[in-house]
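Written below as structure tokens is the structure these notes are about.
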Amino acid sequence: MNSPHPNPMRSLLFVPGDSEKKLAKADGIAADVLIFDLEDAVVPERKAAARGLVREYLAARPDHRRQQLWVRINPLDHAEAGADLGAVMPMRPDGIVLPKTRSPEDVEVLGQRIGHYEGEYDMQVGSTRILPVATETPQSLFTLGEYARCRKRLAGITWGAEDLAAAVGATANRYADGSWTPPYRMVRSLCLFAAHAAGVEAIDTLWANFRDPAGLEVSCAEARRDGFSGKLAIHPDQVEVINRCFKPSSEEIERARRIVELFEANPGAGTLALDGSMLDLPHLRQAQRILALAAAD
Ligand code: COA
Ligand code: MG
């Protein structure tokens with residue numbers, strides 16, 4: 001990760017685009033990002049209605065300072081994708097979530113299409129970000145290391161296990177306790193390293209059981225431990241847990257401060273000792289990142 005986004009992206013809540021009730025509810029939810037879904041949460045007969053509702057919602061919320069407003073469009077090779085972009089781009093969403101991304105080329109193609117709308121509607125070209133769901137097809141796994149090539153618009157990389165499991169005919173992708181089976185643990189790790197290789201945020205996939213806050217909490221703690229900086233959510237109750245788990249604790253902030261001060265007090269030192277353990281430059285970078293995250297809130 002080079003520089004964390006000035007606005008944090010800890011919790012990203014999906015809101016089905018065809019549900020007036022959930023759209024109305026979304027206003028009061030403290031998610032860092034709302035993702036209005038036009039894809040899998042919406043049945044084909046409701047796609048057009050959903051586009052209209054999301055467009056209206058974006059038009060009524062021109063000020064995005066409190067939270068970012070994103071839209072998940074249909075996959076790029078799907079007939080609905082063009083209509084989705086046509087409906088929402090004039091309303092200046094902060095970003096587009098691209099499902100079933102097959103390769104970085106899909107992100108580049110989407111970027112060009114978005115760019116035309118930005119030009120047409122007087123927006124800064126390049127200002128609309130993209131978050132690909134980058135692991136939903138088997139082929140997508142084999143170009144995960146190449147996302148740096150489209151990093152200009154890339155806000156992060158996230159992953160999904162459901163479509164991938166369906167694509168390979170898996171009978172399950174989790175154990176009974178909710179933890180991932182080995183193929184999906186690997187995909188999670190690939191997403192983590194793909195994001196960091198591209199210098200963008202790694203966003204963990206969702207915890208499906210929204211009535212299981214304890215399981216969600218463990219999943220968030222593991223994600224944060226491993227280097228993810230946020231997590232997708234599907235239910236309002238998940239947002240508070242995610243925000244709390246991805247925020248550096250006061251102990252972490254305090255220790256990060258001491259590490260940064262120690263290096264500042266010892267210019268030219270590449271390695272130092274603190275509380276009986278060795279510190280070198282990766283520790284300094286990690287401490288700086290924690291302080292940046294703490295300052296972003
Ligand atoms: N966004 C906004 N509001 C939501 C919401 C969401 N994602 N999920 C639930 N709510 C609202 C409900 O409408 C309900 O409102 P009310 O108190 O005014 O009745 C309240 O939060 C509590 O919801 P609850 O009854 O616990 O859940 P539910 O049975 O209504 O909904 C889901 C469960 C899973 C269907 C729902 O959470 C959902 O639609 N999630 C998003 C699904 C999605 O977008 N999937 C695509 C990405 S994988
Ligand atoms: Mg899906």
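Listed values, structure above:
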item	result
Matching option when the condition is part of a loop (DSSP other than H, G, I, E, B) and closer than 30 Å to Arg102 by Cα, among Leu192, Leu206	Leu206
Test result for Asp37, surrounded by 18 or more Cβ atoms within 10 Å (Cβ to Cβ), more than 12 Å from ligand 1 (Cβ to nearest atom) and among the charged types (D, E, K, R)	no
Considering residues of segment 142-182 that are in a loop (DSSP other than H, G, I, E, B) and touching a strand residue (DSSP E or B) at 6+ places or on another chain (Cβ under 6 Å) only, the residue nearest to ligand 2 (Cβ to nearest atom)	Gly160
Qualifying residue in segment 110-123 (condition: buried (at least 23 other Cβ atoms within 10 Å of the Cβ) and within 16 Å of ligand 1 (Cβ to nearest atom))	no
Pick from segment 11-34, criterion in contact with a strand residue (DSSP E or B) (Cβ under 7 Å, 6 or more places away or on another chain) and charged (D, E, K, R), ranking: surrounded by the most Cβ atoms within 10 Å (Cβ to Cβ)	Asp32
Answer from Gly276, Gly230, Gly270 - the residue that is of a type outside the set (Val, Ile, Thr) and in contact (Cβ under 8 Å) with a residue 60 or more places away in the chain	Gly230
Helices (runs of 4 or more DSSP H) fully within segment 223-297 counting 3 or more residues that are open to solvent by less than 70 Å² (accessible area, probe 1.4 Å) and within 30 Å of Pro16 (Cβ to Cβ)	237-245
Selection count, segment 143-169, where residues are over 19 Å from the mean Cα position of the chain (by Cα) and surrounded by 14 or more Cβ atoms within 10 Å (Cβ to Cβ)	2
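Conditions (1) open to solvent by less than 20 Å² (accessible area, probe 1.4 Å); (2) within 16 Å of ligand 1 (Cβ to nearest atom); (3) assigned to a helix (DSSP H, G or I); (4) in contact with a Gly (Cβ under 7 Å, 6 or more places away or on another chain), marked per residue:
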residue	(1), (2), (3), (4)
Val42	yes, yes, no, yes
Ala50	yes, yes, yes, yes
Met89	yes, no, yes, no
Glu105	no, no, yes, no
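Yes or no, residue by residue, for (1) in contact with a Leu (Cβ under 9 Å, 6 or more places away or on another chain); (2) within 16 Å of ligand 2 (Cβ to nearest atom):
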| position | (1), (2) |
| --- | --- |
| Thr205 | yes, yes |
| Asn209 | yes, no |
| Asp212 | no, no |
| Arg225 | no, no |
| Glu240 | no, no |
| Arg244 | no, no |
| Glu251 | no, no |
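The values are calculated or read from the model by the stated rules, or taken from the named source; none is laboratory data. Everything numeric here is computed off the predicted structure, so don't read it as measured data. Using ideal geometry, Cβ is built from the backbone for each residue, glycine included, and neighbour counts are taken over all protein chains shown. For accessibility, only protein heavy atoms count, side chains too; no ligands or nucleic acids. Shrake-Rupley method; radii C 1.70, N 1.55, O 1.52, S 1.80 Å.
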